[in-house]
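The structure appears right after this line, and notes come after that.
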Amino acid sequence: MPRKPDPTLKPAIIEKVTEHLHDTKLEAVSVRSLGRVLGTSAYPIAYHFGSREALIDAVVEHLDRDLADLRLVPDAGPAALRHWLIAVFGGLEHRDRFLAARLTFELGAVETLDGRERERLVHHGHLAAIAAWCTAHGYATPDAEQAASEAVCAARGAQWAALVDPDGTDVDGALRAIADRLASGAQVPVA
């Protein structure tokens with residue numbers, strides 16, 4: 001008779017792999033190497049996740065768990081926009097947020113080569129949220145889309161700068177400046 005799966009094992013694997021990824025390049029991670037990190041065979045990983053990619057996706061979702069329900073309300077004021085940008089793209093002084101940003105770049109860089117689209121979908125969600133905010137604040141549709149694209153690219157640029165030069169980059173300050181630029185272009189007064 002087969003053993004019943006231990007429901008505590010999957011979250012424990014995610015936690016242990018998350019800790020391991022803080023000091024390990026994603027390209028150096030395989031199911032077999034993760035099994036060694038866990039002190040077991042590759043079987044629990046394959047059983048609970050099916051693949052290395054699914055496990056890495058579970059780690060990214062775990063790192064972004066606080067963002068799952070975070071929404072930018074289109075008619076919210078500049079303070080809410082600042083808060084949203086910092087919550088989504090900033091806070092990189094925290095170890096797990098830094099790892100989440102690093103994994104986003106690592107996964108996004110190779111995603112199109114393996115047919116996955118998680119990071120692209122997340123990116124488009126960010127574009128849509130900011131474009132909706134801009135539209136609600138009087139930007140014409142093409143201008144809202146352009147402003148959203150520039151804002152998300154600038155936010156990702158600030159993240160990248162922090163990844164390559166953590167001590168020389170103020171990501172949250174850059175994100176506040178992005179929010180202020182968006183608010184200054186609003187055609188409808190913002191509170």
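The values are calculated or read from the model by the stated rules, or taken from the named source; none is laboratory data. This is a predicted model, so every value here is computed, not measured. FYI the Cβ positions are ideal-geometry reconstructions off the backbone, even for glycines, and counts take in every protein chain you see. Ligands, DNA and RNA are excluded from the accessible area calculation, which covers all protein heavy atoms including side chains. Shrake-Rupley method; radii C 1.70, N 1.55, O 1.52, S 1.80 Å.
Can you tell me the relative contact order of region 81-191? Whole percent, Cα pairs under 8 Å, sequence separation 6 or more.
On the way: 97 pairs, mean separation 39.1, N = 111.
Over region 81-191, the number comes to 35 percent.
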| Label residue 70 and residue 164 with points 7 Å out from Cα along Cα→Cβ: what is the distance between them in nm? | 2.4
| query | Each residue of region 165-173 in turn: what ³J(HN,Hα) in whole Hz from Karplus with 6.51, -1.76, 1.60 and θ = phi - 60°, glycine and Pro shown as x? | reply | 9, x, 7, x, 10, 9, 4, 4, x
| message | I need the phi-derived Karplus couplings for region 75-87: 6.51 cos²θ - 1.76 cosθ + 1.60, θ = phi - 60°, integer Hz, Gly and Pro marked x. | response | 8, 5, x, x, 5, 5, 4, 4, 4, 5, 4, 5, 5
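Measure off, as a whole percent, the carbon and sulfur share of the 1.4 Å-probe accessible area of the chain, all protein chains present.
Values: 5880 of 10560 Å².
C and S atoms contribute 56 percent here.
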| request: Just name one of 155, 136, 169: the one whose Cα is farthest towards the positive end of the charge dipole of region 131-189 (beta-carbon charges, Lys/Arg +1, Asp/Glu -1). | output: 136
| message | Over the chain, with a Gaussian network built from C-alpha contacts below 10 Å, which listed residue (36, 118, 71) shows the highest mean-square fluctuation? | response | 36
| field | For region 51-56, Karplus couplings with θ = phi - 60° (6.51, -1.76, 1.60), whole Hz, Gly/Pro x | value | 7, 4, 4, 5, 5, 4
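On a full-extension model of 0.36 nm per residue, what is the gain between residue 57 and residue 28, subtracting their alpha-carbon distance, rounded to one decimal in nm? List each step's numbers first, then the result.
Values: separation 29, 0.36 × 29 = 10.44 nm, distance 1.59 nm.
The residue 57-residue 28 span can extend by a further 8.8 nm.
Within a Cβ distance under 13 Å of residue 134, other residues only, what is the Lys/Arg minus Asp/Glu net charge? Could the numbers behind the result be given before it?
Values: positive: 181; negative: 75, 143, 145, 150.
Within the 13 Å Cβ shell, the charges total -3.
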